[in-house]
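Right, one structure below, let's go through it.
The values are calculated or read from the model by the stated rules, or taken from the named source; none is laboratory data. Everything quoted here is computed from the prediction, not taken from an experiment. Don't worry about glycine lacking a Cβ; one is built from the backbone with ideal geometry, like all the others, and counts go over all protein chains shown. In case anyone asks, the SASA skips ligands and DNA or RNA and just uses the protein heavy atoms, side chains included. Shrake-Rupley method; radii C 1.70, N 1.55, O 1.52, S 1.80 Å.
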Amino acid sequence: MSESILEKLDIVGEQAGAGTGTWQSGAGEILESVSPIDGQTLGRVRCATLNEYEQVLASSVQAFQEWRKVPAPKRGEIVRQIGNALREYKKELGALVTLEVGKIRAEGEGEVQEMIDIADFALGQSRMLYGLTMPSERPDHRMYEQWQPLGPVGVISAFNFPAAVWAWNAMIALICGNTVIWKPSSKAPLSAIAAIKIAWRVFRENGLPQGLMSIVIGNRKDIGETLICDRRIPLISATGSVRMGRHIAQVVAGRLGKSILELGGNNAIIVTPNADIDLAIRAIVFGAVGTAGQRCTTTRRIIVHETIFDKLSASLIKAYQQIQIGNPLNDNILMGPLIDREAVSNMQTALEEVKRQGGQILYGGEVLSGGIYDTGTYVSPCICKVSADIPILKEETFAPILYLIRYKELNEAIAYHNDVPQGLSSAIFTNNIREAEAFLSYAGSDCGIANVNIGTSGAEIGGAFGGEKDTGGGRESGSDAWKAYMRRQTCTINWSESLPLAQGIKFDTD
């Protein structure tokens, strides 16, 4: 099956790791894409060299000089066509995402749908790059602001969303008049190559120059470090670990560049006695088990009132027992493998630490074996009962580990909720309006995303996506996130014959 998918997406054989619309010759080391589903090699990529990186950047800089001249609505029309091209390949590209990172088929296709949705959103946004008009204190003057293209934008994406995160950034950056250089995860290079080839086809059909969307695949030390240090790239948007984000923030700030950081999540759901328990269970299971716990928005902590703790625990265990784990290409499977054995090892280390710190494993956590499980990448999702003060609660383990914590009063629950370094997504389940509003207030959730009666995972593209604290503070996708991809310019026009100064300053030489 994988062969037919690769053929339809035109990624059979060794692939080059650097391109601008056509591929560079490829002289770097070989990177293998290995499926976590069965351990088989899907393909090989020839990584970019520093010389090839330089060719990509030069092409991107040159293309920007022309692309910024194109009216924004016409840029939106190109993005619309990219969205339509993605529609043609939704099943194949979704299946490739599944093969390369282990998401179930529905999630793989859902990722491609996100790409399509953001293209549609960006099309509309291309006619709404609004500035403001402000009243001037000086007579016969007009003052307003406008937004200008920024330049080449660097996008660094992670394995868990190997194509969608690029689209969130690239489609918005493109309608803003920028060009894009993409460094995808080395764990999922084929999904990136397939996605960008689809975009390149649209550019060719419209007679557009090469370099509008480019790709460089390589390791952090060579390609990654060069990218973030490059002063020709005014903005770096990076998704990944907190450690990576801190380094990128320091390097980019050191050259006075801009960064959008989407980093760790340690997301919690508060379940009150006034909650619809059945609704909460469904949201918790998807949030905790979806993508095998490898989303930045994965539900990792459940803070549940003591009066319903036992009932909720029993219901969750029953639900977890029904989760089918296996080949994510099969329709009845709800959870596939972790990305690799290192991720499995990290999960086991975390569970040992939970027990050492006094926590109790209520269900799961085993490494599965036999048949397809012999890859060493399959685990059973885990539920742990812990106290609110154990240190590991402050850490994000990128695996399906769910912590259950008791609380007595809502203020206590909110304090537990906020007492972690990360601040991405959050939720409360309650039918009590006072509880809901308290959670959404200034004294409630400190996260960038706060939900009532829906889970932490599965954000829509229409809202700005991102979080606070160690999550990085960046915003991507919807709302006014487009502003990060442009430069603001304040303009004042004097249409009088005099030259009054602001603040009433007199400076006459007569």
Test: residue in the stretch 93-106 that is surrounded by fewer than 19 Cβ atoms within 10 Å (Cβ to Cβ), more than 24 Å from residue 181 (Cβ to Cβ) and hydroxyl-bearing (Ser, Thr, Tyr): no
Residues that are over 21 Å from residue 488 (Cα atoms), out of contact with any Asp or Glu (no Cβ under 8 Å at 6 or more places or on another chain), in a helix (DSSP H, G or I) and hydrophobic (A, V, I, L, M, F, W, C), drawn from the stretch 97-137: 99, 101, 106, 112, 115, 116, 118, 119, 121
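Any idea which of 304, 289 is of a type in the set (A, V, I, L, M), out of contact with any helix residue (DSSP H, G or I) (no Cβ under 7 Å at 6 or more places or on another chain), at pLDDT 95 or above and crowded, with 16+ Cβ neighbours inside 10 Å?
The match here is 289.
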Residue satisfying all of: in the stretch 428-465; part of a strand (DSSP E or B) and among the aromatic types (Phe, Trp, Tyr); nearest to residue 272 (Cα to Cα) among these: 429
Out of 125, 81, 62, sole residue that is open to solvent by 50 Å² or more (accessible area, probe 1.4 Å) and modelled with pLDDT of 95 or more: 62
Filtered residue count, the stretch 377-392, keeping only those that are outside any loop (DSSP other than H, G, I, E, B), open to solvent by 10 Å² or more (accessible area, probe 1.4 Å) and under 21 Å from residue 306 (Cα atoms): 1
Unmet criterion (only one of (1) open to solvent by 50 Å² or more (accessible area, probe 1.4 Å); (2) within 19 Å of residue 213 (Cα to Cα)) for residue 30: (2)
Filtered residues of the stretch 183-207 (kept if farther than 23 Å from residue 14 by Cβ and crowded, with 19+ Cβ neighbours inside 10 Å): 202, 203
The lone exception for residue 238 - which of (1) hydrophobic (A, V, I, L, M, F, W, C); (2) part of a loop (DSSP other than H, G, I, E, B); (3) buried (at least 24 other Cβ atoms within 10 Å of the Cβ) it fails: (2)
Which listed residue is under 30 Å from residue 103 (Cβ atoms), among the acidic types (Asp, Glu) and open to solvent by less than 10 Å² (accessible area, probe 1.4 Å), from 476, 468: 476
Any hit, the stretch 154-164, residues being more than 21 Å from residue 127 (Cβ to Cβ) and either at pLDDT below 95 or assigned to a helix (DSSP H, G or I) (or both): yes
Residue in the stretch 430-447 that is surrounded by 15 or more Cβ atoms within 10 Å (Cβ to Cβ), within 16 Å of the chain's Cα centre (by Cα) and not β-branched (Val, Ile, Thr) present: yes
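Each row is one residue, and each column tells you yes or no for (1) open to solvent by less than 10 Å² (accessible area, probe 1.4 Å); (2) in contact with a strand residue (DSSP E or B) (Cβ under 6 Å, 6 or more places away or on another chain); (3) touching a residue at least 60 places away in the same chain (Cβ under 8 Å).
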position: 135; (1), (2), (3): no, no, no
position: 138; (1), (2), (3): no, no, yes
position: 145; (1), (2), (3): no, yes, yes
position: 161; (1), (2), (3): no, no, yes
position: 168; (1), (2), (3): no, yes, yes
position: 175; (1), (2), (3): yes, no, yes
position: 178; (1), (2), (3): yes, yes, yes
position: 181; (1), (2), (3): yes, yes, yes
Top-ranked residue of the stretch 353-376 - restricted to ones that are farther than 24 Å from residue 319 by Cα and either among the charged types (D, E, K, R) or in contact with an Asp or Glu (Cβ under 8 Å, 6 or more places away or on another chain) (or both), ranked as most open to solvent (accessible area, probe 1.4 Å): 356
Any hit, the stretch 374-384, residues being among the aliphatic types (A, V, I, L, M) and closer than 17 Å to residue 269 by Cα: yes
Enumeration of residues in the stretch 347-376 that are of a type in the set (S, T, N, Q), farther than 23 Å from residue 97 by Cα and either assigned to a helix (DSSP H, G or I) or in contact with a His (Cβ under 9 Å, 6 or more places away or on another chain) (or both): 348, 349
Hits in the stretch 43-57 (condition: assigned to a helix (DSSP H, G or I) and either without any contact (Cβ under 8 Å) to a residue 60 or more places away in the chain or buried (at least 20 other Cβ atoms within 10 Å of the Cβ) (or both)): 51, 52, 53, 54, 55, 56, 57
